[in-house]
Every structure is written in C-alpha cells, then in structure tokens.
1. Counting Lys +1, Arg +1, Asp -1, Glu -1, what net charge surrounds E9 among other residues with beta carbon under 13 Å of its beta carbon?
2. Checking the a/c ratio against 1.5 first, then a/b against b/c, what shape does the Cα gyration tensor give for the range 1-43?
3. Any idea how far apart D19 and Q2 come out in nm if each label point goes 7 Å out from Cα toward Cβ?
4. Ordered by residue, what ³J(HN,Hα) values in Hz, to whole numbers, does the range 21-28 give under the Karplus form 6.51 cos²θ - 1.76 cosθ + 1.60, where θ = phi - 60° and Gly and Pro are x?
5. Restricting attention to the alpha-carbon atoms of the chain, what are Rg (one decimal) and Dmax (integer), both in Å?
6. In degrees from 0 to 90, rounded to the nearest 10, what is the angle of the helix 66-75 Cα long axis to the longest principal axis of the chain?
7. Can you list residues whose amide H is under 5 Å from L32's amide H, if they're 5+ apart or on another chain and H is modeled 1.01 Å from N?
8. I need to check one value: relative contact order of the chain, counting alpha carbon pairs closer than 8 Å and at least 6 residues apart, in percent.
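Rule-based calculations on the coordinates, nothing more; no lab input. What you see is a predicted model, and the numbers here were worked out from it, not measured in a lab. When we count neighbours, we look across all protein chains shown, and the Cβ atoms used for this are built from the backbone with ideal geometry, even at glycine.
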Amino acid sequence: MQLTLYQREDCHLCELALDVLDACGLSGSVALVDIDEDAELGVEFGLRIPVLERTDGEQLDWPFRAEAVRGFVGRGQLPD
C-alpha cells in the first residue's frame, strides 16, 4: 500500500506530521507531495494540510497521532 503526504515547504504542521510518521516507522515509505507545485492540489487541499492518503483514496486529516496513523494504515491492508 502506498501512502502519500500532501504538504508544503516551511509548514510547521507538516514537519510535525513527518515526526509522527517517523515514530510509526513510515517516514521512508511515504511519498511527499508539495501542494504548492500544483495549482489544483493547492485549491483542493489549501489550508487542510498535512493530509495523509492511502492508495484507495481514503484520507487522514491533521491533527493525527501515531495511534491514528497505525489504525489508518491497518484499515487499508487487504486480507490475503
């Protein structure tokens, strides 16, 4: 499962979100997308960032803690 973090440069909340992802052992496996590099993403996410998104399109809005991220990731796992 791919995870994407929608964020922007020099965003204190985005840095905190990265800290949470790091605490979950996920920081290296999350694609970072700077919403300022795409006008449509800027409109879609605006001040809502940071937002964590799974491949299935489900999103987890900030603020989130490690427990919420683990649950969010776990719900995205498909059974074998």
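1. Details: positive: R8; negative: D10, E15, D34, D36, E37.
Summing Lys/Arg as +1 and Asp/Glu as -1 gives -4.
2. Values: a/c = 3.25, a/b = 1.53, b/c = 2.13.
Verdict is oblate for the range 1-43.
3. 2.9 nm
4. Working through the residues one at a time gives 5, 5, 4, 8, x, 10, 4, x Hz.
5. 12.2, 40
6. That helix lies at roughly 70 degrees to the long axis.
7. Here L5 satisfy the definition.
8. Details: 102 pairs, mean separation 31.0, N = 80.
Taking the mean separation of contacting Cα pairs over the length of the chain, I get 39 percent.
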